[in-house]
Amino acid sequence: MTWRIVLLGPPGAGKGTHAKILSERYGIPHISTGDLLRSQIQSGTALGKRAKTFIDNGRLVPDDLVVEMVKDRLGEPDVRAGYILDGFPRTVEQAKALDEMLKENKAPLNLVLEFDTSEAVIINRLSGRRTCARCNANYHVRNIPPKREGICDQCGSPLVQRKDDQPETIRKRLEVYERQTAPLIEFYKQRQLLRAVNGDLEVKPLQEELAQHF
Ligand code: AMP
């Protein structure tokens, strides 16, 4: 089975954490548009420069920029084995563009996992999240602490708090999710691809719940 999966859910639902685990388990690439955009910013590309203000303010980067970036990524050879899309699509426009791309490749999605997550859990996770600026590994000050405080277990670099994980921006991102991304739940329900999981669960029990869908 070639898994072509979308993880859908608000920021802080655990999409990134679970995408990394699933990616290793099934040997398929984890494609996070947030990570791709942050690395464009770090490299100082034209795309990174255009995206930065939107990201810092908790708003969505315009569809055409993100769609083009994803199209390039999905053209790479490793995605023939399947993939996990994390943070894309985030608007109905993006979902339609993805459908078109996949139709051309005759390789449709086969699963959309919706992480159904309560606001209290989201705020707790995002406000305690720490991220490695170098390798993108994520931690949480209480739930997933690194072995040495403030230092990435994987590459030894310092951990930082993402600018968009500050309380004001978190609120904005949740609003944006409700308005622009939540309509995708219905979109994928109609296409009979949607399976909901309980995003409030800790990592291990949620992995067990996710495993039932593979
Ligand atoms: P994430 O790491 O998935 O939380 O994404 C961080 C930020 O990157 C988002 O708040 C958006 O500003 C931007 N971003 C990531 N993915 C997308 C997307 N599919 N469409 C538009 N903006 C995105």
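Checking each residue in the range 151-166 for being open to solvent by 30 Å² or more (accessible area, probe 1.4 Å) and either more than 20 Å from Arg38 (Cβ to Cβ) or not in a helix (DSSP H, G or I) (or both) picks out Ile151, Asp153, Gln154, Cys155, Gly156, Pro158, Val160, Gln161, Arg162, Gln166. Leu109: in contact with a Leu (Cβ under 9 Å, 6 or more places away or on another chain), over 18 Å from Gly58 (Cβ atoms) and part of a loop (DSSP other than H, G, I, E, B), yes or no? Yes. The residue that is nearest to Gln166 (Cα to Cα), among those in the range 119-134 that are open to solvent by 40 Å² or more (accessible area, probe 1.4 Å) and over 15 Å from the mean Cα position of the chain (by Cα), is Ser127. All conditions but one from (1) modelled with pLDDT under 95; (2) within 9 Å of the chain's Cα centre (by Cα) apply to Arg38; the one that does not is (2). Note on the range 145-201: among residues that are over 30 Å from Leu109 (Cα atoms) and of a type in the set (Gly, Ala, Ser), the one that is farthest from the ligand (Cβ to nearest atom) is Gly156. Those strands (runs of 3 or more DSSP E) of the range 1-104 that lie entirely within it include none in which at least 3 residues are more than 8 Å from the ligand (Cβ to nearest atom) and surrounded by fewer than 15 Cβ atoms within 10 Å (Cβ to Cβ).
The values are calculated or read from the model by the stated rules, or taken from the named source; none is laboratory data. Quick caveat: nothing in here was measured; it's all calculated off a predicted structure. Note that each Cβ is placed from the backbone with ideal geometry, even for glycine, and that neighbours are counted across all protein chains shown. For accessibility, only protein heavy atoms count, side chains too; no ligands or nucleic acids. Shrake-Rupley method; radii C 1.70, N 1.55, O 1.52, S 1.80 Å.
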